[in-house]
Every structure is written in C-alpha cells, then in structure tokens.
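Taking it in order: structure first as structure tokens, then the write-up.
The values are calculated or read from the model by the stated rules, or taken from the named source; none is laboratory data. Just so it is clear, the structure is predicted and the values come from calculations on it, not from any experiment. Every residue, glycine among them, receives a Cβ derived from its backbone with ideal geometry; neighbour counts consider all protein chains shown.
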Amino acid sequence: MVYGSHVNVSSIALFPIYGFSVKYFYSRLRQLTRNRSQALAEVQGHLHERVQGVPVTRGFALEDHEQKQFDKRNYHYLDRALKFTNWNAKSYAVTHTITDIAPLLVVALGGYFVIIGNVSLGTLVAFIGYMDRVYQPLRRLINSMTQLTQSHASMDRVFEFMDEEYDIIDSPGAKTLNTVHGDVSFENVSFKYDDEEEEVLKNINLNIKKGETVALVGMSGGGKSTLVSLIPRFYDVSKGKVKLDGVDIRNYKARSLRNNIGMVLQDNILFSESIAMNIRIGNPQATDEEVVEAAKAANAHDFIMDLPNGYETEVGERGVKLSGGQKQRVAIARVFLKNPPILIFDEATSALDLESEHLIQEALEKLAHNRTTFIVAHRLSTITHADRIVLMNNGMVMEQGTHDELMKKQGYYYDLFQVQELSSEKENENTIQ
Ligand SMILES: Nc1ncnc2c1ncn2[C@@H]1O[C@H](COP(=O)(O)OP(=O)(O)OP(=O)(O)O)[C@@H](O)[C@H]1O
Ligand SMILES: [Mg+2]
C-alpha cells in the first residue's frame, strides 16, 4: 500500500508550484488590468472633452492635430491592452499546463506501479477518477481567476473614487440653517485656491446689510467670482471669516446654507430636459403655474412660448440650443422659484444685445427686491443703481461707495466708467453709420 501513497503524493506534488505561479502571474495581472483601465479612462476623458470642443477644432482647423492627439492616447491604450492580453495568455497557459501535467504524472507513476504489480489496475482507475474531481474545480477556479482579477482591479478604482474627499466637510457640530435675516460680512478674509499659490483674495472686509444690493466690479481676474463663491461655501476661506447674521458660515451645514442662496452663475448649465424641468430645479415641488409665474418674472415666458413645444421643449445637448441671454433668464427663473433670502448673480462676461440686457436687468431688479444681493458686473451701466459698488483689483477692495460717491471721488471707478462710457459711445456711433 506504500506505493499507493506515492501515487497520492504525486497527484498533489505540483500544488506548491501551482500556488506560487498563481500568485506570481495574477498579482501582476492585477496591476496590468489597472494600467489598462487607466489608459482607457484617459481615452474616454479626452474624447469627452474634445467632442464637446468640436466647434473649436473646426474653427481653428485643428483636425490633423487633434487626430494625432487622439492617436497618441489610443496607441497608449492599445499598448496597455496588448501587455495585459499577453500576460493573461501566459498566466493561462502556465497554470493550465500545471493542472494538465499533474494527472499525467499520476498516470505515468501509477502505470509503472501497476506494471510491477504493486498497485492493482482497479485502484489506479479509481484514483484517476477521484483526481479528476480535484482538478476539475481547480481548472474552473483558474478560469474565473482572470475575471476575478479584473473585477478586483476595477473595484480598486471604484473605491479610489469613493474615497475621494469632499473639499468642504461639515464640522462635527454643524447646525442646520433655518431662518436667515440676511446680513453678510467678510472679516479679514484671505483666500488661495492652492496652498502653494498666491492669495487670490487679500484681507477683504465688507459689511453688507439685509436687502442691500452690492455690485462687484473691476478688472478680469480681480477675484470677484472667487469672492462670491465663498458665500455658499464652494470653498472655505484660508484666513478670516465669512459671517451670516453674525455667525461664521462654517458653523452651518453646507447644504442648509446653500438652500438659502440663489445663484445665477457666469456659465449657466441647462440639463438635457424640458424647459419646465430646468426651471423646476429651483424647487422640484413647484406646480406648473408656479413655473410659469417664475418664467414671467424672469422675462423668459415670451421666448419660451415661441419655442416649438413651449415649456415642454427639450433643451441642451439633445434639444434646442438657447442663447446666452435666454439661458440666463432660465437661470433667473430658477432662482425666482427657489425664493432665497440671499442672491448671487455673476454676470456672463460675453456682452448681450441691448434688449436681452434690458430684460435681464429688469428681471434681476425685481428679484433683488428685499434680498441681500451680490451682482458681479462687467458693464458698469447696469449697476449704477446699486446700494453699494465695490471695486476689486488683484484680490483687494480698492474702492467702495455708491455710484455718485465714487464718481465724485474721481478714482479707479471714475476712470473705468469713463473708459466704458467712451467705448459705448463709439459703439453707438458705429451702429448709426
Ligand atoms: N478654480 C480655480 N483654481 C485656481 N485658480 C483660480 C480658480 N478660479 C479662479 N482662479 C484664479 O483666481 C483669480 C481670480 O479669479 P476670479 O474668477 O475670481 O476673477 P473675476 O474677477 O471673477 O474675473 P472675471 O471678471 O474675468 O470673471 C484669477 O487669477 C484666476 O486665475
Ligand atoms: Mg468671474
């Protein structure tokens, strides 16, 4: 019977080699899978951006250049995919060879013992039958191994994404903001986007009372958009405090704070849905009548009625494209529905035609009534009525006051106003000619 146990041992003799090779091949396979997914993500990310930017590519006749850029990433992906496939084939071949050699060993050794008469033929046949029961599941396991490894690598990427931290985290004792009076103050506020970079806002002090309309003006890149994005805590200050009704806004849960702020931003994004749904973002529970009411208040009702399906017209990628001014009015309608005590309007840099500008202006004045309002403006003629004008340059407040006060002062604002007035006079002359 001692010979029988030799056969036994031979049947599992290759197990350790098998174990090592699985470990060796499949851990590298996991890395290669990860590299391949990474390369694929790059191709997809690139495509996503470039498909959106097709007008730019066409406009600058960059087709050949873009083709090369795409090829570069695509070949990179191909290279990673081939490396993966190559290694996968090797892993498969080696592990399968091992599981195939083991039965051969048993047959050879067992056959030899049968010939010399130490083991009966029946025992050997039975043994081989049993062995199959061990090796069949093992083979199946290897076949699943590739898939398992790939899933494992994909799971790593999913977890990486899920572990990504929010920039803004509510502090442990954060309270829900319920009632807002509307006083907003900046106390010695400094801010930088990146620790290594320069401060974008430098020691800002502003005290804004409930219901006040504040216009932020100044050079492009001066920090106006950055300043207003601190109010809903899109970013937290680096130094100093932003206070709402005397309380540091970091004491509130970010979402409850944002519930009380209405925003119309520089580029307003519409989703690929009906106009009505897009307006309803301001308040998902709003009735159809309320949506129409809001659109009317935002001076958007008339152009919406001119669209093929009125409020049910699909907009965005899959539907009608709206002009900048129309998008802005939809965004204003959203805010009317939301009805927040604090309002932020970051005017689009692109100039609107006079009529849209007038319609937006009118809607905005209605909206600003009784709310603390921040307007970032590029055309000074639109904000001369503001309760306060704050001129920003290089992240600092250079001047503040009403239009009349600042004009009397004959400082930066005065200069800027002169320049814009002159250029608009020229525009008028041009149109007259
Ligand atoms: N997300 C960001 N990451 C890093 N730096 C940024 C970011 N956004 C803006 N900046 C930088 O901060 C500075 C102020 O930009 P900001 O957008 O606040 O200016 P702005 O006054 O709104 O200009 P504009 O009138 O052109 O809209 C700029 O130097 C800009 O490069
Ligand atoms: Mg801006």
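Here are the numbers for this structure:
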read-out	value
Filtered residues of the range 370-386 (kept if within 21 Å of residue 223 (Cβ to Cβ), away from ligand 2 (no atom under 16 Å from the Cβ) and surrounded by fewer than 23 Cβ atoms within 10 Å (Cβ to Cβ))	386
Qualifying residue in the range 281-299 (condition: surrounded by fewer than 17 Cβ atoms within 10 Å (Cβ to Cβ), touching a strand residue (DSSP E or B) at 6+ places or on another chain (Cβ under 8 Å) and either in contact (Cβ under 8 Å) with a residue 12 or more places away in the chain or not in a loop (DSSP other than H, G, I, E, B) (or both))	no
Candidates 170, 183 - the one that is under 24 Å from the mean Cα position of the chain (by Cα), in contact (Cβ under 8 Å) with a residue 60 or more places away in the chain and either surrounded by 12 or more Cβ atoms within 10 Å (Cβ to Cβ) or within 11 Å of ligand 1 (Cβ to nearest atom) (or both)	170
Members of the range 259-280 that are surrounded by 22 or more Cβ atoms within 10 Å (Cβ to Cβ), under 16 Å from residue 323 (Cα atoms) and within 16 Å of ligand 1 (Cβ to nearest atom)	264
Of the criteria (1) among the hydroxyl-bearing types (Ser, Thr, Tyr); (2) surrounded by fewer than 18 Cβ atoms within 10 Å (Cβ to Cβ); (3) under 25 Å from the mean Cα position of the chain (by Cα), which one residue 190 fails	(3)
Residues of the range 211-261 that turn out to be touching a Ser or Thr at 6+ places or on another chain (Cβ under 8 Å), closer than 23 Å to residue 389 by Cβ and within 16 Å of ligand 2 (Cβ to nearest atom), as a count	2
Every pair of residues 6+ apart whose Cβ atoms lie under 9 Å, when the first sits in the range 374-388 and is acidic (Asp, Glu) while the second is outside any strand (DSSP E or B) and more than 12 Å from ligand 1 (Cβ to nearest atom)	387/209; 387/211; 387/212; 387/402
Residue check, residue 95 crowded, with 17+ Cβ neighbours inside 10 Å and in a helix (DSSP H, G or I)	yes
One residue from 212, 198 being acidic (Asp, Glu) and within 11 Å of ligand 1 (Cβ to nearest atom)	198
Matching residues, the range 290-327, being of a type in the set (Phe, Trp, Tyr) and farther than 28 Å from residue 53 by Cα	311
Subset tally (residues that are on the phi > 0 side of the Ramachandran plot and of a type in the set (Phe, Trp, Tyr)) for the range 259-312	0
In the range 198-210, the residues that are more than 16 Å from ligand 2 (Cβ to nearest atom) and either farther than 18 Å from residue 373 by Cα or among the β-branched types (Val, Ile, Thr) (or both)	198, 199, 202, 203, 208
Tally, over the range 96-150, of residues that are without any contact (Cβ under 8 Å) to a residue 12 or more places away in the chain and touching a Leu at 6+ places or on another chain (Cβ under 8 Å)	1
Matching residues in the range 215-245 - criterion: being on the phi > 0 side of the Ramachandran plot, more than 8 Å from ligand 1 (Cβ to nearest atom) and surrounded by fewer than 17 Cβ atoms within 10 Å (Cβ to Cβ)	245
The range 218-245: number of residues that are free of Cβ contacts under 8 Å to residues at least 24 places away in the same chain and part of a loop (DSSP other than H, G, I, E, B)	1
Sole exception among (1) within 16 Å of ligand 1 (Cβ to nearest atom); (2) free of Cβ contacts under 8 Å to residues at least 12 places away in the same chain for residue 248, by number	(1)
Index of the failed condition, residue 367 passing every other in (1) outside any helix (DSSP H, G or I); (2) modelled with pLDDT under 85; (3) away from ligand 2 (no atom under 16 Å from the Cβ)	(1)
Residue that is closer than 24 Å to residue 180 by Cα and in contact with a Lys or Arg (Cβ under 6 Å, 6 or more places away or on another chain), where the choices are 298, 331	298
Any hit, the range 171-192, residues being within 16 Å of ligand 2 (Cβ to nearest atom), assigned to a strand (DSSP E or B) and modelled with pLDDT of 85 or more	yes
Condition check for residue 347: acidic (Asp, Glu), at pLDDT below 90, more than 16 Å from ligand 1 (Cβ to nearest atom) and out of contact with any helix residue (DSSP H, G or I) (no Cβ under 7 Å at 6 or more places or on another chain)	no
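For (1) crowded, with 16+ Cβ neighbours inside 10 Å; (2) more than 28 Å from the chain's Cα centre (by Cα); (3) outside any helix (DSSP H, G or I); (4) modelled with pLDDT under 90, each residue gets a yes or a no:
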| site | (1), (2), (3), (4) |
| --- | --- |
| 3 | yes, yes, no, yes |
| 7 | yes, yes, no, yes |
| 10 | yes, yes, no, yes |
| 17 | no, yes, no, yes |
| 23 | no, yes, no, yes |
| 31 | no, no, no, no |
| 36 | yes, no, no, no |
| 39 | yes, no, no, no |
